[in-house]
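A.B. asks: Starting off with a structure, shown below.
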Amino acid sequence: MLKEADSPYRTIRVAAQPTGFGAEITGLDLTRPLSKDALAEVKAAWAAHAVVAFPDQPLTLDQLEAFTQEVGPFGEDPFIKPMPGHPNVLELRREPDEKATNFGAGWHSDWSFQAAPPAATLLHSEVVPPVGGDTLFCDCARAYEALSPVMQAMLAPLQAVHSAGRAYGTKGVFARETEARTMQIIVSEEADRQLTHPLVRTHPVTGRKALFVSPVYTVGVEDLTPPEAKAILGFLFQHLTQDEFIYRHRWREQMLLMWDNRCTMHFAEGGYDGHLRLMHRTTVAGDTPV
Ligand SMILES: [Fe+2]
């Protein structure tokens with residue numbers, strides 16, 4: 001159930017989930033540039049709630065791009081061919097007869113294998129299937145805060161190893177798939193590269209700490225043996241994905257969703273075989289995690 005947030009928003013309306021994680025923002029028109037005050041309030045609500053939905057926003061691609069750039073400069077999207085004429089927009093399209101696994105069907109934070117992963121992802125719904133297709137979000141800040149001080153102290157110095165290899169690498173899921181897929185995935189040796197980020201990162205706006213690992217892109221922990229890393233990551237993945245940390249987003253058509261990759265993971269549910277699903281996606285550049 002949604003409730004009006006107590007926070008004093010003056011130009012927009014913000015209805016937050018009871019947990020505070022996830023909110024719906026109304027009272028604004030994203031087809032036109034926002035006033036300075038409205039944009040500041042949108043950013044404040046986004047910082048407070050991490051996943052914000054804007055219902056009833058029939059955006060063209062140009063308008064989606066324009067709003068994205070009001071939030072910040074575009075991020076870089078590797079491994080997927082962008083839309084013709086719109087190099088910063090990905091089309092997430094799954095045809096009714098498509099058999100390939102739906103895109104995003106594993107817990108992850110977008111492009112966490114990049115040196116400076118995107119701060120935000122924006123996803124706009126064009127065609128929403130009548131069943132399935134929810135997007136689940138995990139509150140990685142609250143999950144961190146729920147750990148014991150002893151566990152928090154143990155995780156504090158650790159560097160997690162990230163790689164796109166399991167998904168986009170030469171031996172990854174997409175390289176091995178046999179079913180036809182509408183989206184054009186570019187499998188690459190580049191994807192097999194690894195880099196490290198702090199396992200616990202601090203949000204540059206809110207100052208909150210959050211677990212920054214995911215089953216799709218985190219492949220190890222620096223200085224731990226593989227069995228040690230597997231045990232720690234296995235525990236964290238199980239801990240993160242408990243119901244109490246999850247917000248289930250149900251889509252309606254012409255809805256824009258914006259989430260914060262610095263303190264969340266997400267999972268795209270399937271369950272809509274036989275129906276078209278069509279979304280457009282942009283990202284906003286982020287900082288090097290610290
Ligand atoms: Fe994603």
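A.B. asks: Taking segment 80-99 on its own, how many of its residues are under 23 Å from L136 (Cα atoms) and within 16 Å of the ligand (Cβ to nearest atom)?
C.D. replies: Summing the residues that are under 23 Å from L136 (Cα atoms) and within 16 Å of the ligand (Cβ to nearest atom) in segment 80-99 gives 7.
A.B. asks: Six or more apart or on different chains, Cβ under 8 Å: which pairs go from a residue in segment 148-170 that's within 11 Å of F113 (Cβ to Cβ) to one that's at pLDDT 95 or above and acidic (D, E)? Could you list them?
C.D. replies: Qualifying pairs under 8 Å: A160/E222; V161/E222.
A.B. asks: Right, another one. Identify, please: which residue in segment 234-282 is touching a helix residue (DSSP H, G or I) at 6+ places or on another chain (Cβ under 8 Å) and within 15 Å of the ligand (Cβ to nearest atom) and is, among those, nearest to P129 (Cα to Cα)?
C.D. replies: Here the residue is H280.
A.B. asks: Here's another thing I want to ask about it. Look through V219, V173 and report the one residue that is under 28 Å from M279 (Cβ atoms), surrounded by fewer than 18 Cβ atoms within 10 Å (Cβ to Cβ) and of a type in the set (V, I, T).
C.D. replies: The conditions single out V173.
A.B. asks: Could we say that P289 is in a loop (DSSP other than H, G, I, E, B) and either buried (at least 19 other Cβ atoms within 10 Å of the Cβ) or in contact with a Cys (Cβ under 7 Å, 6 or more places away or on another chain) (or both) here?
C.D. replies: yes
A.B. asks: Only residues in segment 31-45 that are within 23 Å of T206 (Cα to Cα) and without any contact (Cβ under 8 Å) to a residue 40 or more places away in the chain count as the first member; pair them with residues that are of a type in the set (F, W, Y) and surrounded by 13 or more Cβ atoms within 10 Å (Cβ to Cβ), Cβ under 9 angstrom, at least 6 apart or cross-chain, and list the lot.
C.D. replies: Matching pairs, first to second residue: L34/F67; E41/Y9; V42/F54; A44/Y9.
For every residue, the table says whether it meets (1) within 20 Å of the chain's Cα centre (by Cα); (2) charged (D, E, K, R); (3) at pLDDT 95 or above.
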{"residue": "P33", "(1), (2), (3)": "no, no, yes"}
{"residue": "A48", "(1), (2), (3)": "yes, no, yes"}
{"residue": "Q69", "(1), (2), (3)": "yes, no, yes"}
{"residue": "P78", "(1), (2), (3)": "yes, no, no"}
{"residue": "G85", "(1), (2), (3)": "no, no, yes"}
{"residue": "P96", "(1), (2), (3)": "no, no, yes"}
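A.B. asks: Sticking with this structure for a sec: Given the options G75, G106, name the one that is crowded, with 22+ Cβ neighbours inside 10 Å, in contact (Cβ under 8 Å) with a residue 24 or more places away in the chain, within 16 Å of the ligand (Cβ to nearest atom) and more than 20 Å from H49 (Cβ to Cβ).
C.D. replies: G75
The values are calculated or read from the model by the stated rules, or taken from the named source; none is laboratory data. Being a predicted model, the structure only gives us computed values, none of them experimental. Cβ: placed from backbone, ideal geometry, glycine included. Neighbour counts: every protein chain shown.
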